[in-house]
Each structure stands twice: as structure tokens, then as C-alpha cells.
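Take a look at the structure below.
Rule-based calculations on the coordinates, nothing more; no lab input. For clarity, every value in this text was computed on a predicted model and none was experimentally measured. Because the Cβ atoms are built from the backbone with ideal geometry, glycine has one as well, and the counts that use them run over all protein chains shown.
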């Protein structure tokens with residue numbers, strides 16, 4: 001019976017290592033080969049120079065800059081440790097941000113690139129926790145606040161709510 005438990009433990013440990021759990025990546029790390037751009041609309045009342053300064057301020061609070069071009073509306077940080085304290089003890093996990101304005105300067109697109117050292121190669125991915133945190137910062141600084149519905153009127157439903165209503 002003891003051999004069955006030992007075999008089971010070794011099998012689970014082997015699977016965990018193969019799946020990357022042994023690589024010390026935080027749970028927010030998502031392995032992927034293609035990065036996806038998030039988009040934030042810039043409030044119409046914010047001029048490009050002001051929006052650019054806000055983006056640079058937000059990025060430099062959490063990352064060191066590697067490349068910056070105001071004319072092109074492009075900024076990229078260097079890879080470095082995650083700014084979340086529990087990830088900073090891991091020197092084999094790195095995160096960076098790439099942000100750019102659309103040509104019309106009405107939107108900011110950004111992506112979070114992260115990578116984990118496997119001992120042989122860097123595996124690429126994204127960090128969903130960092131992406132959500134950066135989105136919150138960009139939205140709070142650049143986006144028109146959502147106006148609350150007047151009392152007595154229902155807020156518009158999203159697609160999930162509509163689907164649930166149809167099923168009922």
C-alpha cells in the first residue's frame with residue numbers, strides 16, 4: 001500500500017514539474033506564445049501631451065524604462081521582477097509592459113509580457129494580475145468616468161445577463 005502512495009506522490013510531483021509548477025511562477029502567470037493588446041479609450045478632454053505624461057507616470061511608478069518615443073507614442077519597460085512583493089523574491093520571473101498610443105492618439109494599447117526561466121530557456125507569457133492592475137491605473141487616469149443611471153432607471157444589461165434572461 002505504501003508503494004501505491006509513493007508512486008502517486010511521485011506521479012503528481014512529476015506532473016506538477018512538467019506543467020511548470022516547479023518553475024516558481026506566480027499563479028497569475030499565463031504561458032502564451034502571442035501577446036494580446038488591451039485597449040483603453042482616452043477621455044476626449046485630455047490632450048495628447050497630458051495623456052502621454054500620465055502614461056509615463058503610471059509606467060515609471062512600477063517599471064524601469066527601456067525605450068521611449070513621445071513622437072511615436074511608444075514606451076517599453078525593461079524586464080524586471082514583478083512589482084508585487086511576493087514575486088520579487090523570484091529572480092527567475094520577470095515582467096515588462098509595452099504601451100503605445102493609436103495613430104489618432106485617442107486610445108492607449110498595452111500588453112504585459114512576462115517570462116519564467118525554466119533552467120534552459122525563458123518561457124514567455126503574460127501576468128494577468130499585473131495586467132489588471134495596470135488597466136485599473138490607466139482607466140482611473142485616462143477614461144471618462146461612467147455616469148450612474150438616474151434613480152428608477154435600470155442599468156443596461158451585459159451579454160451574460162441577457163443570456164440568463166433568455167434562458168429563464
Please compute the length gained on full extension between residue 122 and residue 72, using 0.36 nm multiplied by the number of residues separating them and subtracting their Cα-Cα distance.
15.1 nm
Provide the gained length on full extension for the span residue 109 to residue 56, in nm with one decimal, where the gain is 0.36 nm per separating residue minus the Cα-Cα distance.
17.8 nm
Suppose we keep just the alpha-carbon trace of segment 30-143; what are its Rg and Dmax in angstrom?
14.3, 49
What's the ranking of 29-36, 108-115, 95-102, 54-61 by average number of surrounding C-beta atoms within 10 Å, highest first?
108-115, 95-102, 54-61, 29-36
